[in-house]
Amino acid sequence: AQSVSQHNHHVILSEAASLELGCNYSYGGTVNLFWYVQYPGQHLQLLLKYFSGDPLVKGIKGFEAEFIKSKFSFNLRKPSVQWSDTAEYFCAVSTSGTYKYIFGTGTRLKVLA
Amino acid sequence: DGGITQSPKYLFRKEGQNVTLSCEQNLNHDAMYWYRQDPGQGLRLIYYSQIVNDFQKGDIAEGYSVSREKKESFPLTVTSAQKNPTAFYLCATRRRGGEDGYTFGSGTRLTVV
């Protein structure tokens, strides 16, 4: 069965620190990849997505992610976090031809001012 | 304003009672989804529907039922057969083609006492 792993469950950083959140998936075929963010008390919203093309994807609020097919990974990065980045981050995968997303367990990020 | 309305935001029910959660959308999206969010477990797919009058079971459909009589509406019934119904329930939609990713509602927090 397909699965998505997010290895960091809780991350605490100081403002201006760099961020990298890991995401690995298990599926050998073509995938579509997503990062969603859930700010406290708000809807889940799309940060960025990868369907095809350049494996380095840029999203909103200065986030980026790199798809490395050989490692089955889609790690999320931000060079300098802000207090407002405090949220829960979810990686999701859908396989080509399916319509359902499989989500990871999420990573809670806390940024200290 | 286009969007997804989930109501109510908070719901309390006694054990053994069925309860129906509402999800209405005016985005004209074809596909609709129900996910359950539990701490440390991410989002798990309950049911999904790609067109009116058709729906499929997700990974944790036992104890739940749905209907899709209208494109705009995809209600979820949590039955008394669901062993652990207390959770946060999220409805999502997806446009045909799906390259925008999911759009999520604000969720319903169900507490069964």
Around A:ASN75, which amide H atoms from residues at least 5 apart in sequence, or from another chain, sit under 5 Å from its own amide H, with H modelled in the peptide plane? A:CYS23, A:GLU66, A:ILE68
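Take the Cα atoms of the protein assembly as shown, build their convex hull, and give its volume per residue in Å³. Spell out each step's value before the answer.
Working: hull volume 28.7 nm³, N = 226.
Measuring per residue, one finds 127 Å³ for the Cα hull of the protein assembly as shown.
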Quick one: among B:ALA81, B:ALA92, B:ALA61, which has the greatest mean-square fluctuation in a GNM of chain B with alpha-carbon springs under 10 angstrom? B:ALA81
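Can you run the Rg to Rh ratio on the range A:1-63? Use alpha carbon positions and the Kirkwood inverse-distance Rh.
Radius of gyration over Kirkwood radius for the range A:1-63 works out to 0.97.
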For the range B:79-94, Karplus-derived ³J(HN,Hα) couplings (6.51, -1.76, 1.60; θ = phi - 60°; whole Hz; x for glycine and proline) come out as 8, 5, 7, 6, 6, 9, x, 5, 5, 9, 10, 10, 9, 9, 10, 8
List residues of the range A:26-49, by number, whose backbone nitrogen lies under 14 Å from a label position 7 Å along Cα→C-beta of B:LYS9. A:40-43
Excluding residues fewer than 8 places away in the same chain, name every one of the aspartates and glutamates whose C-alpha is closer than 12 Å to that of A:LYS58. A:GLU66
Sequence-distant residues sharing a close amide H with A:THR86 (under 5 Å, placed H): A:VAL111
With a cut-off of 19 Å, note down the residues of the range A:40-82 whose backbone N falls inside the zone around a label point 7 Å from the Cα of B:THR111 toward its beta carbon. A:41-42
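Shielding by partners for B:42-52, please: the mean number of other protein chain Cβ atoms within 10 Å of each residue's Cβ.
Working: counts 12, 11, 3, 4, 0, 0, 3, 1, 2, 0, 0.
Across the residues of B:42-52, the mean count of other-chain Cβ atoms within 10 Å is 3.
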Taking a cut-off of 22 Å between Cα atoms, list the lysines near B:LYS57, but don't count ones fewer than 8 places away on the same chain. A:LYS100, B:LYS70, B:LYS71, B:LYS83
Using the Karplus curve 6.51 cos²θ - 1.76 cosθ + 1.60 with θ = phi - 60°, what ³J(HN,Hα) values do you get for each residue of the range A:54-60, in whole Hz, with x for Gly and Pro? 4, x, 9, 10, 9, x, 7
Most to least packed among A:19-26, A:80-87, A:98-105, B:32-39 [average Cβ atoms within 10 Å]: B:32-39, A:98-105, A:19-26, A:80-87
Given N residues in chain A, what is its alpha carbon radius of gyration divided by 2.2 N^0.38 Å? 1.02
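Values quoted throughout were computed directly from the atomic coordinates according to the rules given, and no laboratory measurement underlies them. All values reported here derive from a predicted model rather than from experimental measurement. Note that we place each Cβ from the backbone using ideal geometry, even for glycine, and neighbour counts take in every protein chain shown.
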